[in-house]
Amino acid sequence: MDEKRLEAFEKMFAAVRSEYADITAKMEKMKAEGKVKTVTYQQLLARKMTYQNMLSMYEIYGLTEM
């Protein structure tokens, strides 16, 4: 059971980091295009903050250095 939990955690952690990077890249592109006041940009910002919070929690609990 522990191996499966660890594997699931590693998959989730990788997915969160990947999604955070994708969101950040999309936001940078939109910012360069002057689209920071669009609904899409605001939605991406909200998602970025959510993923950033998740990554911060992983770091607080020492789970990012595995």
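The values are calculated or read from the model by the stated rules, or taken from the named source; none is laboratory data. Here the structure is a predicted model, which means the values were calculated and not measured. Neighbour counts run over all protein chains shown; Cβ positions are idealised from the backbone, glycine included. Quick note on the areas: whole protein, heavy atoms, side chains included, nothing else; ligands and nucleic acids left out. Shrake-Rupley method; radii C 1.70, N 1.55, O 1.52, S 1.80 Å.
Some notes on this structure:
- Degrees, to the nearest 10: 2-32 long Cα axis against longest axis of the chain: 10 degrees
- Counting all C-alpha pairs of the chain, share separated by more than 17 Å (%): 48 percent
- The calculated FRET efficiency for Ala14 paired with Tyr41, based on their beta-carbon distance and R0 = 35 Å, is about 0.85.
- The chain, accessible surface, carbon-and-sulfur percent (1.4 angstrom probe): 55 percent
- Loop-resident sites, the chain, for chymotrypsin sites (Phe, Trp or Tyr not before Pro), counting at most 11 other Cβ within 10 Å (DSSP): Tyr61
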